Amino acid sequence: MTSIPRPASSAILERDGRFLLVLRRNPPSADMYAFPGGRAEDGETPAETALREFEEETGISARNPRLFETYDLRSHAADGTLTSHFLLSVFQVEADEEAVPEAADDAAAIGWYSLEEIRALPVPASVLECAERIAATRD
C-alpha cells in the first residue's frame, strides 16, 4: 500500500552551540525531544508551517527560514501496518537573542541542548542527524 505523505515542517534554532528542543506530548514522536514543528495547515508553504509551529510551541517569533533537509518519515505498527507518513521539511531559523522560549501547545517541556546532550536524549534520528551536521560545520 502506498500512502500520500502529509506535509510537516520543523525549525532549528541554535544559540552558542546549543539547540532548542521541545519534549513532544503527542504522537508520532510523543515523549521524544525534537525541533519545534508540526503538520502543515491547508494552503501553507513548508516555511510558513515551520515559522507558525515554532511560535506556537516556543512563544518565539522566528524569521529567515532556510531549508536544511527534507525527510520521508514513516511509522509502522508492530504488524507492519503504516501508522503515519510525513514529508518533513526542516528549516534553520533565526530569532532575537533576548527571546526566551516557553513550552506551549504540543510541547511538554523546552530547553537548550548541546550535541553531546542530544546524543543521550530520546530523539528522532532526523534530529540527531541535523544537529550533528550543523555541529560538524563549526568544527
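Against the test of being over 21 Å from residue 129 (Cα atoms) and within 12 Å of the chain's Cα centre (by Cα), the options 57, 69, 44 yield a single qualifying residue, 57.
When residue 69 is tested against (1) surrounded by fewer than 16 Cβ atoms within 10 Å (Cβ to Cβ); (2) closer than 18 Å to residue 24 by Cα; (3) touching a residue at least 60 places away in the same chain (Cβ under 8 Å); (4) in contact with a strand residue (DSSP E or B) (Cβ under 6 Å, 6 or more places away or on another chain), only condition (2) is not met.
Looking across the stretch 41-63, the residues that are among the aliphatic types (A, V, I, L, M) and assigned to a helix (DSSP H, G or I) come down to 47, 50, 51. Considering only residues in the stretch 6-29 that are closer than 15 Å to residue 69 by Cβ and more than 10 Å from the chain's Cα centre (by Cα), the one that is least open to solvent (accessible area, probe 1.4 Å) turns out to be 19.
Here residue 98 clears all of (1) open to solvent by 50 Å² or more (accessible area, probe 1.4 Å); (2) in a loop (DSSP other than H, G, I, E, B); (3) at pLDDT 95 or above except the condition numbered (3). Among the conditions (1) farther than 19 Å from residue 113 by Cβ; (2) of a type in the set (A, V, I, L, M); (3) modelled with pLDDT under 90, the only one that residue 47 does not satisfy is (3).
The values are calculated or read from the model by the stated rules, or taken from the named source; none is laboratory data. If you're wondering where the values come from, they're calculated on a predicted model, not measured in any experiment. Ideal geometry is used to build each Cβ from the backbone, glycine not excepted, and the neighbour counts take in all protein chains shown. What goes into the accessible areas is simple: the full protein's heavy atoms, side chains included, and nothing from ligands, DNA or RNA. Shrake-Rupley method; radii C 1.70, N 1.55, O 1.52, S 1.80 Å.
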